[in-house]
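All remarks here apply to the structure that follows.
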Amino acid sequence: MSELLDLRNADGSRTGEVKERALVHRDGDLHGTAHVWLVRYRPDKGSAEVLLQKRSANKDSYPGCYDISSAGHIPAGQDFLESAMRELREELGVEAKPEELHEVFTHVGYVEDVFYGKKFINHEYSKVYLLEYTGRVEDLKLQKEEVESVRWMDYRACLDGIRNATLKSCIFEDEFEKLTAAIEEYFRKTGRPLSCAEKTGTWAEDAQNDLQDWIEEQGIYLRQ
């Protein structure tokens, strides 16, 4: 039997029905997930970066794609914050305190796809958290069954990459659009406002340069 999940109402509350994970994705049932985005401040650029994880090539969905820093299903009977902290610990080896995770919004995502010849429907109600990470990437303990690698990327360049499909990812575009606003608000509230178009007029150029650097690192060549 695969992992059991609580089915969810539109507001994220439990319906009282529990179902196997494989059947949830077969039938497209609304279920809960926790999304944790690790961010860090770049004072030299007046910007911020997000940590992206590259999914293992052995994953049953979206193998080899860039994804949220840490994310996972909410097992039956568990709550969102508890699951968020567990996924951080298991996937990245990060021990976080509850107060360090800032819930910034909820998101409902829906996508249909096919993997290994089987239809896959992801209909998820997600609580989205921010965690400012000040440690080193080298100190992360990656769960190799789930995560192939991680990398930092400028949050605006990441949004551009998602929008124009130069970043191979399974990140919901509308979620990341809301995340960019949440990142800017978080750093504004902590006294570190990020550069933006209205203030500097250079953010788009900076983001494009960061994205181009990433594309070259990956050995991707775009047809002219």
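Sort out for me the helices (runs of 4 or more DSSP H) sitting completely within segment 138-214 that have 1 or more residues that are crowded, with 17+ Cβ neighbours inside 10 Å and at pLDDT 90 or above.
On the way: elements: 155-163, 173-189, 197-200.
Correct list: 155-163, 173-189.
Do we find a residue being over 22 Å from residue 57 (Cα atoms), modelled with pLDDT of 95 or more and β-branched (Val, Ile, Thr) anywhere in segment 110-124?
Taking segment 110-124 first, the residues over 22 Å from residue 57 (Cα atoms) are 110, 123-124.
Filter again for modelled with pLDDT of 95 or more, leaving 110, 123-124.
From the residues that got through so far, the ones that are β-branched (Val, Ile, Thr) too are none.
The answer is no, given that none of the residues of segment 110-124 is over 22 Å from residue 57 (Cα atoms), modelled with pLDDT of 95 or more and β-branched (Val, Ile, Thr).
Looking only at residues that are over 14 Å from the mean Cα position of the chain (by Cα) and in a strand (DSSP E or B) in segment 32-67, which one is surrounded by the most Cβ atoms within 10 Å (Cβ to Cβ)?
The qualifying residue surrounded by the most Cβ atoms within 10 Å (Cβ to Cβ) is 32.
Please work out if residue 68 is under 27 Å from residue 13 (Cα atoms), of a type in the set (A, V, I, L, M) and touching an Asp or Glu at 6+ places or on another chain (Cβ under 6 Å). Spell out how you get there, then give the answer.
Numbers: under 27 Å from residue 13 (Cα atoms): yes; of a type in the set (A, V, I, L, M): yes; touching an Asp or Glu at 6+ places or on another chain (Cβ under 6 Å): no.
Against the criterion (under 27 Å from residue 13 (Cα atoms), of a type in the set (A, V, I, L, M) and touching an Asp or Glu at 6+ places or on another chain (Cβ under 6 Å)), residue 68 does not qualify.
Looking only at segment 1-31, count every residue that is in a strand (DSSP E or B) and among the acidic types (Asp, Glu) and tell me the total.
We begin by selecting, within segment 1-31, every residue in a strand (DSSP E or B); these are 4-8, 14-20, 30-31.
Narrowing the set further to residues that are among the acidic types (Asp, Glu) leaves 6, 17, 20.
Residues meeting the conditions: 3.
Out of 104, 94, 111, 128, which single residue is of a type in the set (A, V, I, L, M, F, W, C), surrounded by 13 or more Cβ atoms within 10 Å (Cβ to Cβ), out of contact with any His (no Cβ under 9 Å at 6 or more places or on another chain) and in a strand (DSSP E or B)? Steps first, answer last, please.
Numbers: 94 fails: in a strand (DSSP E or B); 111 fails: out of contact with any His (no Cβ under 9 Å at 6 or more places or on another chain); 128 fails: out of contact with any His (no Cβ under 9 Å at 6 or more places or on another chain).
Among 104, 94, 111, 128, only 104 is of a type in the set (A, V, I, L, M, F, W, C), surrounded by 13 or more Cβ atoms within 10 Å (Cβ to Cβ), out of contact with any His (no Cβ under 9 Å at 6 or more places or on another chain) and in a strand (DSSP E or B).
Do you know which of the residues in segment 74-90 that are in contact (Cβ under 8 Å) with a residue 24 or more places away in the chain and under 14 Å from residue 129 (Cβ atoms) is surrounded by the fewest Cβ atoms within 10 Å (Cβ to Cβ)? Steps first, please.
We begin by selecting, within segment 74-90, every residue in contact (Cβ under 8 Å) with a residue 24 or more places away in the chain; these are 74-77, 80-81, 83-84, 87-88, 90.
Remaining after also requiring under 14 Å from residue 129 (Cβ atoms): 74, 80-81, 83-84, 87-88.
Working: 74: 27, 80: 21, 81: 15, 83: 20, 84: 26, 87: 24, 88: 25.
Within segment 74-90, the match that is surrounded by the fewest Cβ atoms within 10 Å (Cβ to Cβ) is 81.
Select from segment 20-44 the residues that are farther than 20 Å from residue 84 by Cβ and either of a type in the set (Asp, Glu) or touching a His at 6+ places or on another chain (Cβ under 8 Å) (or both) and list them in ascending order.
20, 27, 28, 29, 44, listed by residue number.
Sort out which residues of segment 114-125 are surrounded by 16 or more Cβ atoms within 10 Å (Cβ to Cβ) and either out of contact with any His (no Cβ under 9 Å at 6 or more places or on another chain) or of a type in the set (D, E, K, R) (or both), and write them in order of number. If you could, list the steps in order and put the result at the bottom.
Going residue by residue through segment 114-125, those that are surrounded by 16 or more Cβ atoms within 10 Å (Cβ to Cβ) are 120, 122-125.
The one that is surrounded by 16 or more Cβ atoms within 10 Å (Cβ to Cβ) and either out of contact with any His (no Cβ under 9 Å at 6 or more places or on another chain) or of a type in the set (D, E, K, R) (or both): 124.
Being in contact with a Lys or Arg (Cβ under 7 Å, 6 or more places away or on another chain), surrounded by 15 or more Cβ atoms within 10 Å (Cβ to Cβ), over 30 Å from residue 23 (Cα atoms) and modelled with pLDDT of 95 or more is the requirement here; does residue 133 meet it? Break it down stepwise before answering.
Details: in contact with a Lys or Arg (Cβ under 7 Å, 6 or more places away or on another chain): yes; surrounded by 15 or more Cβ atoms within 10 Å (Cβ to Cβ): yes; over 30 Å from residue 23 (Cα atoms): yes; modelled with pLDDT of 95 or more: yes.
It is true that residue 133 is in contact with a Lys or Arg (Cβ under 7 Å, 6 or more places away or on another chain), surrounded by 15 or more Cβ atoms within 10 Å (Cβ to Cβ), over 30 Å from residue 23 (Cα atoms) and modelled with pLDDT of 95 or more.
What do you reckon, is residue 8 at pLDDT 95 or above and either loosely packed, with under 15 Cβ neighbours inside 10 Å or out of contact with any His (no Cβ under 8 Å at 6 or more places or on another chain) (or both)? Reasoning before the result, please.
Working: at pLDDT 95 or above: yes; either loosely packed, with under 15 Cβ neighbours inside 10 Å or out of contact with any His (no Cβ under 8 Å at 6 or more places or on another chain) (or both): no.
Against the criterion (at pLDDT 95 or above and either loosely packed, with under 15 Cβ neighbours inside 10 Å or out of contact with any His (no Cβ under 8 Å at 6 or more places or on another chain) (or both)), residue 8 does not qualify.
If we keep just the residues of segment 18-29 that are in contact with a Leu (Cβ under 8 Å, 6 or more places away or on another chain) and surrounded by 17 or more Cβ atoms within 10 Å (Cβ to Cβ), which is farthest from residue 111 (Cα to Cα)? Talk me through it step by step, then tell me what you get.
To start, the set of residues in segment 18-29 that are in contact with a Leu (Cβ under 8 Å, 6 or more places away or on another chain) comprises 18-21, 24, 29.
Narrowing the set further to residues that are surrounded by 17 or more Cβ atoms within 10 Å (Cβ to Cβ) leaves 19, 21, 24, 29.
Values: 19: 19, 21: 16, 24: 13, 29: 12 Å.
My answer is 19.
The values are calculated or read from the model by the stated rules, or taken from the named source; none is laboratory data. Given the structure is predicted, the values throughout are model-derived calculations rather than measurements. Ideal geometry is used to build each Cβ from the backbone, glycine not excepted, and the neighbour counts take in all protein chains shown.
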